[in-house]
Amino acid sequence: MIDHPPALTALLAEQGVDAARLYRVLAALADGAWWTPRDLVRATAVAHRRVDAVLTALGGELERDGERVRLVRADGYAGFARPEPADPVAHLADAHPAAGAELRRLVAEAPRPRTDLDHVAATARTALRRGVFLAARFALPGARLLCVGDHDLTSLATTLVAPDAEAVVVDIDERMLDYIDAAAGRLGLPVRCHFADLRLGLPPSVRGWGDLVFTDPPYTPEGVELFVRRGLEGLADPRRSRVLVAYGASETTPGLVARTQARLARMHLVFEAVFPDFNRYLGAEAIGAASDLYVLRPTTRAPGADRGEAARVYSRGANAKEASGGLGADAAREVLERAGADTAVGAWPAEAAGPEVRRVGLGAWLEAPVAAHRAAVDLTGGWDALLTRAVLASGAAETHVVVASSAPEVRDAAGQSRLRAAVEPAFAVRFLRGVPGPRTTVVVARRHGPRDGAGAAERVLHHVLGRAHAPLGAALREGLIRVSAELGAPVNKKTARTRLAAAAPWLPGHTLLDLPGHRFPALRAAVAAAVAVADLPGPADHPTDHPAD
């Protein structure tokens with residue numbers, strides 16, 4: 001038996017019973033192979049700080065090659081190997097090789113994680129194990145799974161394992177919504193996607209819909225609470241439901257875990273199970289590249305819908321708790337005066353608007369139509385993903401939206417074209433870059449009627465874009481019926497419904513405000529197809545310039 005370095009002996013003694021976590025690092029090194037600290041973190045689920053402490057304590061026992069290390073006397077550390085705690089589904093996951101292979105492909109080709117949304121990609125094996133766990137623990141045939149955010153593709157994993165289940169994804173990341181929709185369509189999986197900023201609530205059709213909720217939220221206490229609240233808002237019957245949460249923190253910060261768990265306890269959620277290190281990630285080494293899986297059972301006292309606006313729930317970026325943002329009083333006053341606003345939407349400084357200007361929250365603006373003549377909307381401070389929806393939600397004759405110039409629909413010509421394509425033909429849009437300051441842009445959206453000589457498709461779209469809060473299928477049917485009657489070729493409700501269902505089977509459950517961005521071109525195509533089948537007049541033969549400002 002060899003003598004281990006005194007520094008290592010002292011480190012293990014200092015850890016007490018928790019030294020077993022460090023044994024994992026030593027057991028990994030005992031294979032004699034080269035390791036980087038990052039690889040050790042991912043293999044052992046031990047936080048980077050603790051891995052570094054072990055490597056430092058080993059001192060001269062290690063051979064080094066740049067970042068890589070290996071034990072000189074590896075056989076002397078084999079005794080640190082310990083059986084891993086039982087994995088609840090490891091013995092079941094291998095029964096799904098086709099799903100596993102598909103998930104490896106899906107995870108490898110998925111959009112890159114967004115640090116401003118606290119994204120860290122889970123491994124394909126983790127996605128598979130999540131699906132297998134849900135299928136083994138719950139009766140999934142006919143069940144509805146709500147994924148509150150899904151950058152880890154849990155919706156696809158679950159429906160690959162249990163194709164008789166149904167999943168809905170609610171996310172703010174347009175790239176992920178597009179990717180999941182495309183994958184579900186290619187694989188024939190029952191997954192639907194909705195756009196939403198979860199800080200403001202769930203889309204109407206998703207509220208009270210689900211039987212199970214899965215979320216891997218931002219790991220701030222505020223982020224965990226908010227995403228779980230949204231999950232509870234989405235349950236059909238909380239008494240017979242579960243909310244599953246992936247949550248991780250470094251073993252060196254138990255106080256943070258305590259604060260997070262206290263928030264969940266105050267929400268009257270029962271901790272039915274906690275599976276340590278269940279989720280593994282391609283990153284997040286600071287927390288061991290792993291997180292625990294919580295199975296939470298709501299009680300009758302669990303909170304219902306909460307329509308509050310919680311802006312600071314992420315740990316990084318414009319929406320981090322420590323981030324500065326929003327307009328100063330002088331800049332806000334300039335925007336409101338330029339707009340001649342009678343309605344101010346968002347978090348405007350109190351001193352910027354006089355008593356004659358009505359204040360409306362962003363959530364209320366997107367929830368239901370608000371009567372206004374000239375509106376100003378503040379999306380600075382981390383709300384820029386809502387730009388297209390903020391314009392569509394407006395019933396005002398003119399709306400001024402102030403947003404960071406780095407917003408995707410503002411920063412370049414391609415983004416501006418996407419915005420115009422989404423809101424035409426109901427709005428004419430222009431961009432005032434550098435207003436009210438060098439890092440902001442005011443988007444001026446002026447509402448107008450159909451162009452003279454507009455074709456049937458344009459007129460139907462104009463009708464729909466004026467009813468952004470309404471169920472999209474109903475608005476389209478109503479528009480097709482009305483326009484066809486005006487053009488002397490009336491279509492009845494049944495015929496309109498049949499034609500739209502054939503042209504756009506993804507319509508049910510959406511409003512324009514939760515329709516993912518990649519669906520907007522498909523919406524136009526669906527209208528054109530329905531109009532063509534009805535043999536209504538096409539577009540007028542004249543240029544498509546925007547109406548003059």
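On the stretch given as the range 1-52, residues that are outside any loop (DSSP other than H, G, I, E, B), touching a strand residue (DSSP E or B) at 6+ places or on another chain (Cβ under 8 Å) and of a type in the set (Val, Ile, Thr) total 0. Taking the criterion of being part of a loop (DSSP other than H, G, I, E, B) and either under 23 Å from ARG430 (Cβ atoms) or basic (Lys, Arg) (or both), the residues of the range 324-356 that qualify are LEU327, GLY340, ALA341, ASP342, GLY346, TRP348. Within the range 161-187, the set of residues being surrounded by fewer than 19 Cβ atoms within 10 Å (Cβ to Cβ) and not in a helix (DSSP H, G or I) comprises PRO163, ASP164, ILE172. Scanning the range 7-63 for residues that are closer than 17 Å to ALA74 by Cα and open to solvent by 60 Å² or more (accessible area, probe 1.4 Å) turns up THR9, ASP31, TRP34, THR56, GLY60, GLU63.
Restricted to helices (runs of 4 or more DSSP H) entirely inside the range 358-472, those with at least 2 residues that are hydrophobic (A, V, I, L, M, F, W, C), out of contact with any strand residue (DSSP E or B) (no Cβ under 7 Å at 6 or more places or on another chain) and open to solvent by 10 Å² or more (accessible area, probe 1.4 Å) are 362-367, 413-423, 456-465.
Restricting attention to the range 77-105 and to residues that are under 23 Å from GLU174 (Cα atoms) and either over 27 Å from the mean Cα position of the chain (by Cα) or touching a residue at least 40 places away in the same chain (Cβ under 8 Å) (or both), the residue that is most open to solvent (accessible area, probe 1.4 Å) turns out to be GLU102. Taking the listed residues ARG230, ARG312, ARG307, the one that is within 22 Å of the chain's Cα centre (by Cα), outside any strand (DSSP E or B), modelled with pLDDT of 95 or more and farther than 19 Å from PHE133 by Cβ is ARG230, with no other qualifying.
Within the range 335-384, the set of residues being free of Cβ contacts under 8 Å to residues at least 60 places away in the same chain and among the hydroxyl-bearing types (Ser, Thr, Tyr) comprises just one member, THR343. Selection within the range 497-506: residues that are part of a helix (DSSP H, G or I) and closer than 14 Å to ALA532 by Cβ. The member of this set that is most open to solvent (accessible area, probe 1.4 Å) is ALA502.
If you go through the range 236-254 and keep only what is farther than 26 Å from ALA121 by Cα and in contact with a Gly (Cβ under 8 Å, 6 or more places away or on another chain), you end up with ALA236, SER241.
Within the set ALA135, ALA122, ALA108, ALA157, the sole residue that is among the small types (Gly, Ala, Ser) and without any contact (Cβ under 8 Å) to a residue 24 or more places away in the chain turns out to be ALA108. Scanning the range 264-293 for residues that are in contact with a helix residue (DSSP H, G or I) (Cβ under 8 Å, 6 or more places away or on another chain), open to solvent by 40 Å² or more (accessible area, probe 1.4 Å) and at pLDDT 95 or above gives PHE271, ARG280.
For PRO190, the conditions (1) crowded, with 22+ Cβ neighbours inside 10 Å; (2) over 23 Å from LEU117 (Cβ atoms) all hold with the exception of (1). Within the range 224-235, residues that are over 10 Å from GLY201 (Cβ atoms) have Cβ atoms under 9 Å from residues that are open to solvent by less than 10 Å² (accessible area, probe 1.4 Å) and among the aromatic types (Phe, Trp, Tyr) in these pairs: VAL224/TYR247; GLY231/PHE214, counting only partners at least 6 apart in sequence or on another chain.
Residues checked against (1) at pLDDT below 95; (2) closer than 18 Å to ARG447 by Cα; (3) of a type outside the set (Ser, Thr, Tyr); (4) in contact with a Cys (Cβ under 9 Å, 6 or more places away or on another chain):
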| position | (1), (2), (3), (4) |
| --- | --- |
| GLY328 | yes, no, yes, no |
| ALA347 | yes, no, yes, no |
| GLU351 | yes, no, yes, no |
| ARG358 | no, no, yes, no |
| TRP365 | no, yes, yes, no |
| ALA376 | no, yes, yes, no |
| ALA396 | no, yes, yes, no |
| THR399 | no, yes, no, no |
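The numbered conditions (1) at pLDDT below 95; (2) open to solvent by less than 10 Å² (accessible area, probe 1.4 Å) are all true for ASP118 except (2). Pairs meeting the criteria (first residue in the range 403-416 and more than 15 Å from LEU379 (Cα to Cα), second residue in a strand (DSSP E or B), beta carbons under 8 Å, at least 6 apart or on different chains) are GLN416/VAL429; GLN416/PHE431. Condition check: in contact with a helix residue (DSSP H, G or I) (Cβ under 8 Å, 6 or more places away or on another chain) and in a loop (DSSP other than H, G, I, E, B). Does GLY201 satisfy that? Answer is yes for this residue. Remark: pairs (first residue in the range 436-451, over 18 Å from GLY340 (Cα atoms); second residue among the charged types (D, E, K, R); Cβ separation under 6 Å; 6+ apart in sequence or on different chains) = PRO450/ARG459.
The values are calculated or read from the model by the stated rules, or taken from the named source; none is laboratory data. These numbers come from a predicted model, not from an experiment. Positions of Cβ are backbone-derived with ideal geometry, glycine not excepted, and every protein chain shown enters the neighbour counts. In case anyone asks, the SASA skips ligands and DNA or RNA and just uses the protein heavy atoms, side chains included. Shrake-Rupley method; radii C 1.70, N 1.55, O 1.52, S 1.80 Å.
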